[in-house]
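The structure appears below as structure tokens.
The values are calculated or read from the model by the stated rules, or taken from the named source; none is laboratory data. Everything numeric in this text was worked out from a predicted model, so none of it was measured. Heads up, the Cβs are rebuilt from the backbone with ideal geometry, glycines too, and the neighbour counts pull from every protein chain shown. To get the accessible areas, we keep the full protein, side chains included, count just its heavy atoms, and leave off ligands, DNA and RNA. Shrake-Rupley method; radii C 1.70, N 1.55, O 1.52, S 1.80 Å.
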Amino acid sequence: MTERMWRPRSLQSSYDVVIIGAGIHGLATAYYLGKRHGVKKIALLDKGYLGSGNSGRNTAILRSNYRTPEGIPFYDASVKLYEQMSQELGWNVLFSQCGHLTLAHTDSSLIGLRVRAENNQVLGVDSKLIFPDEIKRMVPAIDISSRARFPIMAALYHPPGGVIRHDAVVWGYARACDRMDIEIHPYTEVTGIRVEKGRALCVATTRGNVAAGAVLNVTAGWASTISKMAGVPLPIVSHQLQACVTEPLKPFLDKVIVSATLHVYVNQTDKGELVLGAEIDPYQSYSMRSTLPTLEQIAGHTLDLFPQLHGLRVLRQWAGVCDMTPDYAPIIGRAEEVENFYMDVGWGTYGFKAGPIAGQCTAELIATGKTPALIQAFSPGRFRAGRLVGEKAAAAVSS
Amino acid sequence: MSFLLACPECGERSAYEFRFGGEVKSRPQQGDSEEAWFQYIYTKTNEAGEQEEWWFHRNGCRKWFQALRDTRTNTVIATWYPE
Amino acid sequence: MDIRFNGKAIPIQEGDTVASALYRAGQRIFTRSFKYHRPRGLLCCSGHCPNCLMNVDGIPNVRTCITPARAGMAVKHQNARPSLDFDYLAIAQQFDWMMPVGWYYKNFTNPRMWHLAEAQIRKVAGLGDPPPPDAPEAVYEHAHMQAGVAVIGAGPAGLNAAREAASQGERVVVVDDQPRTTPGDSSYTLLSRSYCFGLYEGNLLGVLQSEPHSGARERLVHIRAKRIVVATGAYEAPLTFKNNDLPGIMLSTAVWRLIHRHGIQPGTSAVIISNETGDSAIAAELRNVGIAVVATVPPSDVLEATGSKHVTGLRTRRGAFACDLVVMCGHRIPDAGLLSQAGAKLEWSAEAGAFVPTELPPNITAVGDVAHALVRAASTLVSMPNKRTFVCFCNDVTSQDICDSVAEGFDHIELLKRYTTTTMGPCQGRMCQLQAIGICARETGRAIQETGVTTSRPPNPGVTLGALGGARHHPIRRTPMHYQHEELGAVWMDMGDWKRPRYYKSAQTERESILREYHAVRQAVGVIDVSTLGKLSLKGRDSGKLLDKVYTNRFSDLKPGRVRYAVLCDEAGIILDDGTISRPLADARGYNTGDPGGTRSVAPSVSAGTIDDFFITTTTGNLDFVEQWLEWWLAGAGWDVQINNLTSALAAVNLAGPKAREVLSALTSCGLSNAEFPYMACRNAEVAGVPALLMRIGFVGETGWEIHYPAESGEHLWSALMDAGRPFGICPFGVEAQRLLRLEKRHVIVGVDTDALTSPYEAGMAWVVKHDKADFIGKFALGKLESAQAQQSLVGFTMNANQIPEDGAAILVNGALAGRVTSARYSPAVEKAIGLAWVTAGAAAEGAQIEIRVAGAPVRATVTQRVFYDPDGARLRM
């Protein structure tokens, strides 16, 4: 009798914690609530199939070479959790810790990389600047010649970075949660949240209403929609992010390449396909329908780096919706307006890599009421206090 | 951006010709409460549905106008110059 | 006429594809499959499956069955070593018991084991060979078309629709993937050898045209159509039974094409698998070319195909038949991908055995086989689990794999897809999706409609990166004096799209060249091209009002003939940009009032018309943003302001140094004395006969003038300055020297010393914020920031010893991260390395000791707020 990864469950009438969003952040939070804090009566709600949101759409890059003293230790903790994840979950998440290169093609982006190299080194993260000859040795396929309009000037080389099989992380966590009897409810859309006297009492869904001791909004693309149901305003705008995949080639690229100037990501999967990513589309949208101009830009910039790949075919493009905050850092914490409404949102284009640590910290917050040091800088109240985090230059391809 | 957007001056053009300027918000007066200013500066409606927003015709007449667009489908319902 | 296959000459005939030529020459194995390296032969002859992928002229993964053969082509096999006939990795098939679906998730939970295993897996993965970095380039084009009606597919239904639309006066474009054999109709435009890969928002079609002309390999045609008619027909997908992937087992479409298009007899004795009773059309075709039809069996009777490298027989419930060709009359699948992309729904029709499109969006229609359920159901049977029954040919996913996956809980079609990777290969589901859905439905007990399909996404069929990228033009912006800099030995740098001289090579090393420029400016005179600055002119009664509203400083009270430093903030109080704002003297003829004569007219762009004219400069990269920002605050306000972008219309230079006045006075009759032209004043005057706006400002800390003048006089005025300056030792200077000069004056560069979080208070610019203005952008936030405790400050520093830190170096206080260097250089003026840096508030006091990392090691430095060179500004006012 084959064991199922996770079982279908009927929705009960009440839970200690209702987690809205069963992507990797939600699953990780549930996992740690169960494992470390003994909280078991948890319902994970998701409107689609598991991994249908951003957890299944991202380009699966892991790294900790961020810019700020708030971001660096946080993402570093996440990478370390990823390193142990397969063993901990008993499920290979295919973490290919192959090394990550962020390319600089202009003076200003080179300086930006240097700031990151410096801050990373001071805080103990392996990261350093390397120059075209060494880049070429590491990535023989890349074009470092002056033929390019913006020749590569340097790269931030980050050995602990790499890629992972994003779906495997979702499945691994889901199985672990299911084994703890944490209930996973896909195809269950939240339609409302009843708040009385500053407390969230009940979550209404397409499969029935559930009373909740605590409610966690851990959605991506739907952060504002869900938070509005609870009467919690957010400084978030949602933009589409697109990516695509090509036909497989024999292996020739074993590093993750990101260019901040050219706004493109390139990496080669274990199957040989190239996964190519871009910066967010420059307008707000929830449509998740792929566009041609973005695909053309991705292709053009990929060819700027690897001109010999002009005959390689793109097989498929897709899109997800990213929740962007004013300072390109997430919002993690309890809402000021509703005492038992928690949020782990605003993850922009850097959410997947933070899943495990965000889950661990959010679980600790919900279970103990105390905010772990690692996430204090990401509190929802920081905007009012004027304490924005300075990650904008490091977060994504736009710099 | 391949959806079509009707510039009030130039007519229907590919959205690629325009720059997006965010949701329309009404600016408080100096002297209004701190809360009003805080909401104006930071809070976003971020509507999954019909939204009033700003667009600039960057590759055309270079004028700002407002539009009503359904952000779920990128269907532009109306465009106009603000008074 | 021939092509070469693995070096061997293969003759080609007219109309041959690479695959047909190879097949005629006896080739039966065309590739080895992805996972198990099973031999694969021609299956679809339509470009839909992965079986014929080869390397053609260096391009990997070419679908040889639809690629026309051209004399001289070099074709090589891929994914088999040493040869297609004998592939070492075919041994993988012996270990299929070790590699069930999901095997790599369930094993290798130890990271070290995974690392080792992954290295091996990567080596055997992939299909085509990556071209080497020096592979030849090819030409790709982009084209744009508009159409009243775009018809996709030139079959009977499509052409019908095209003619009908054309007869109603519509401009019609028809897209078809077949080569054009008959002359087209002049009533519509036909794009032949073109396929539509995407139906995007706003009825934008992406179309890929192969070899549009001899000069280009591919052309991506963008068609914006008011109405779209999808007439893409239906394609055939394989049946599933054990060993259904052997070479020699072909779809009826492939058999038909080999016979009719290429005059090839694809076998000698055939078994037809078909639900049709009696003699089928395909049986007649076969007999016509001398192929014996050994049997026709329904799909439900098929047990397995036999053979190892080619089919030798088919075992059925009616007996075993020896044959060398199995013709599958496969499932007919409406090619509705484009419709799905556009948002149409797919509804299962049991009688057609197909998903049929419904709920089409407005302005999109479907005609022909793609639209109706005229297609006959090839088979309602869905295969039982078996490790040799192939559902996904691209990734070697068997029916066993799919059944096992559902049992493991991956029972939603999208989960099943991701777990097994079915539909995720080059065919993107064309060959396999229907079977996968059928198996999933059966295993879960759900109806097929409820099981549903996976999301359709473009580009389908796939498109090359080259075609998508097109000509890949990258603009280069050059100032009017570009070639003069080139001749002077400029070493270039990029600033956005602009090329600017970093320095001029005048000495052995970069450092020496820059110092030479520096000393020239400090001791004699230098000139720098600042044409890349953004330049805006404002005209209209409410110009001053707009500037007061949008900038933190006040400008409505700027006296004509004066210049003021300007800072732009957003509503959160963050610095967006800085620059200068000048108000030229009001004079109808645009001349300095002290100038005699003045009968010559001036270029209107720099003339002063009325008292309400302002001239704004912005940083190089921010011009577009500033212009849009100003226009935005004007929108709907009803104010009388016109903004003009003069950036490309004007060239600009900065002439600076103790001898600047002498040089300039040789070229202009404008009064330049301190009395006539004080610091922070502006004048209109002719310089070298060119009408110009002069501003006496001092970014680099010496007496000097910024001169703005018509771009067409760029070279002339530059030459005039260089000639006039020669006796004084004039030196052109570049961005690097300028950076050093201004650093000694502690002048902040927005975007270098400030970032996306900097307020004027943190940057030491409190004086630009005029809180006594009733309202301006950022007033509220800046009011709070003024009294708030800053977390960090922008400070100056000097190194205690000789090391020079890099820009971006980290700053430590008590070993902890406390900031970063934004700009650092060796200063000849104080003979020390100096710089600007962000430090945490606690370390920002005058004289505070900080440590700056130089080559990774902390080095002592001293915080100072003092201006390093000429703090009183006497040199500016000479």
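Considering only Cα-Cα distances, which of the following residue pairs are longer than 29 Å: A:Lys80/A:Lys255; A:Lys370/C:Lys106; C:Lys784/C:Lys832? Numbers along the way, then the final one.
Working: A:Lys80/A:Lys255 19 Å; A:Lys370/C:Lys106 37 Å; C:Lys784/C:Lys832 38 Å.
Flagged as over cut-off: A:Lys370/C:Lys106; C:Lys784/C:Lys832.
Let me check I have the definition right: for segment C:381-459, take the eigenvalues of the Cα gyration tensor, multiply each by 5, take square roots. What are those semi-axes in whole Å, largest first?
Working: eigenvalues 57, 44, 23 Å².
Semi-axes from the Cα gyration tensor: 17, 15, 11 Å.
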Unit Cα scatterers, Debye sum, segment C:829-872: log10 I(q)/I(0) for q = 0.16, 0.22, 0.29, 0.33 Å⁻¹: -0.48, -0.85, -1.20, -1.30
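Can you give the helix-only mean residue ellipticity at 222 nm for the protein assembly as shown, where every DSSP H stretch with n ≥ 4 adds -39500 (n - 2.57) and the sum goes over all residues, rounded to the nearest 500 deg cm²/dmol?
Per the formula, -6500 deg cm²/dmol.
For segment B:4-80, which whole-number percentage of the solvent-accessible area (1.4 Å probe, protein heavy atoms only) is attributable to carbon and sulfur atoms?
C and S atoms contribute 45 percent here.
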A:Trp171, B:Trp54, A:Trp222, ranked by accessible area, largest first (probe 1.4 Å): A:Trp222, B:Trp54, A:Trp171
With eigenvalues of the C-alpha gyration tensor scaled by 5 and rooted, segment A:270-399, Å: 35, 16, 14
Where only C-alpha atoms are counted, convex hull volume of segment A:300-340 per residue in Å³: 141
Assigned charges on the beta-carbon of Lys, Arg, Asp, Glu; segment A:1-117 dipole about Cα centre (debye): 260
Where no second cysteine Cβ lies under 4.7 Å, the cysteines concerned in chain B: B:Cys61
Nearest 10 degrees, 0 to 90: helix A:166-179 Cα axis against chain A principal axis: 30
Computed FRET value (nearest 0.05) for C:Asp301 with C:Ala71, which takes r as the C-beta separation and R₀ as 41 Å: 0.35
Per-bin percent of Cα-Cα distances, chain C [20 Å]: 12, 30, 23, 25, 9, 0
Signed unit charges on C-beta, dipole axis of segment A:198-298, positive-most listed residue A:Leu295, A:Val245, A:Ala230: A:Ala230
Principal axis dimensions, segment C:2-98 - Cα atoms, whole angstrom, descending: 47, 26, 23
Rounded percent of accessible protein surface that carbon and sulfur make up, segment C:335-471, 1.4 Å probe: 50
Computed over chain C: relative contact order in percent, which uses C-alpha pairs under 8 Å that are six or more apart: 8
Reduction of at least 40 Å² in accessible surface, 1.4 Å probe, comparing all protein chains with the chain by itself, residues of segment B:1-34: B:Met1, B:Ser2, B:Leu4, B:Tyr16, B:Arg19, B:Phe20, B:Arg27, B:Gln30, B:Glu34
Distance (nanometres) between label positions extended 7 Å along Cα→Cβ at C:Glu846 and C:Glu631: 4.7
Contact surface C-B: accessible area buried, both sides summed, square angstrom, 1.4 angstrom probe: 2000
Spin-label model distance (nm) - A:Ala373 vs C:Ala507, 7 Å beyond Cα toward Cβ: 4.9
Considering only segment C:123-230, percent of DSSP beta bridges that pair antiparallel, nearest 5: 40
Of A:Ile111, A:Ile164, A:Ile331, the one that fluctuates the most in a GNM where chain A has Cα springs shorter than 10 Å: A:Ile111
Counted charge near C:Ala225, where neighbours are those whose Cβ lies closer than 12 Å (Asp, Glu -1; Lys, Arg +1): +3
Projected label distance in nm at C:Asn800 and C:Val491, using a 7 Å step from Cα toward the beta-carbon: 3.3
Portion, in percent, of the accessible area of segment C:789-878 that falls on carbon or sulfur, probe 1.4 Å: 47
Ratio Rg/Rh [Cα only; Rh per Kirkwood] for segment B:4-80: 1.05
Loss of accessible area when B meets A, both sides summed, Å² nearest 100, probe 1.4 Å: 1900
GNM top mover of A:Val39, A:Val258, A:Val169 - chain A, alpha-carbon springs below 10 Å: A:Val39
Candidates B:Glu23, B:Glu47, B:Glu34: whichever shows maximal mean-square fluctuation once chain B is modelled as a Gaussian network with Cα springs under 10 Å: B:Glu34
DSSP-assigned coil residues among trypsin sites (Lys or Arg not before Pro) in segment C:166-239, each with at most 10 further Cβ atoms within 10 Å: none
Greater than 30 Å apart at Cα, pairs in A:Lys41/A:Lys392; B:Lys25/C:Lys559; A:Lys392/C:Lys535; A:Lys353/C:Lys123: A:Lys41/A:Lys392; B:Lys25/C:Lys559
Buried area at the C-A interface (accessible, heavy atoms, 1.4 Å probe, summed, Å²): 8100
Complex-versus-alone comparison for segment C:205-234, residues with a loss of 40 Å² or more in accessible area, probe 1.4 Å: C:Arg224
For segment C:239-329, Kirkwood radius (reciprocal of mean inverse C-alpha pair distance, Å): 12.7
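Counting DSSP beta bridges with both partners in chain C, what percentage is antiparallel, nearest 5?
Beta bridges within chain C, antiparallel portion: roughly 75 percent.
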Summed residue charge, Cβ within 13 Å of C:Asp494's Cβ, Lys/Arg positive, Asp/Glu negative: +4
Dipole of segment C:44-124 [Lys/Arg +1, Asp/Glu -1 at C-beta], most positive-end residue of C:Asn110, C:Ile66, C:Cys49: C:Asn110
Accessible area per residue in Å² at 1.4 Å probe, computed on chain C: 38
Given charges at beta-carbon only (K, R positive; D, E negative), |dipole| of the protein assembly as shown in Debye: 1720
Accessible-area ranking of C:Ser827, A:Ser52, largest first, probe 1.4 Å: A:Ser52, C:Ser827
Diffusion constant of the protein assembly as shown at 20 °C, which comes from Stokes-Einstein with the Kirkwood Cα-pair radius and 1.002 mPa s, µm²/s: 63
Dipole moment magnitude, nearest 20 debye, chain C about Cα centre, only Lys, Arg, Asp, Glu C-beta charged: 1140
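Between C:Arg446 and C:Gln178, what FRET efficiency follows from the Cβ-Cβ distance if R0 is 25 Å, with the result rounded to 0.05? Please report the intermediate quantities before stating the final value.
On the way: r = 39 Å, r/R0 = 1.55.
Taking R0 as 25 Å, the efficiency between C:Arg446 and C:Gln178 is 0.05.
May I ask for the net charge around C:Ala857, where only other residues with Cβ less than 15 Å from the Cβ of C:Ala857 are counted and Lys, Arg are +1 while Asp, Glu are -1?
Numbers: positive: A:Lys128, C:Arg853, C:Arg860; negative: A:Glu118, C:Glu806, C:Glu851.
In short, 0.
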Compactness index (Cα Rg / 2.2 N^0.38 Å), segment C:789-878: 1.08
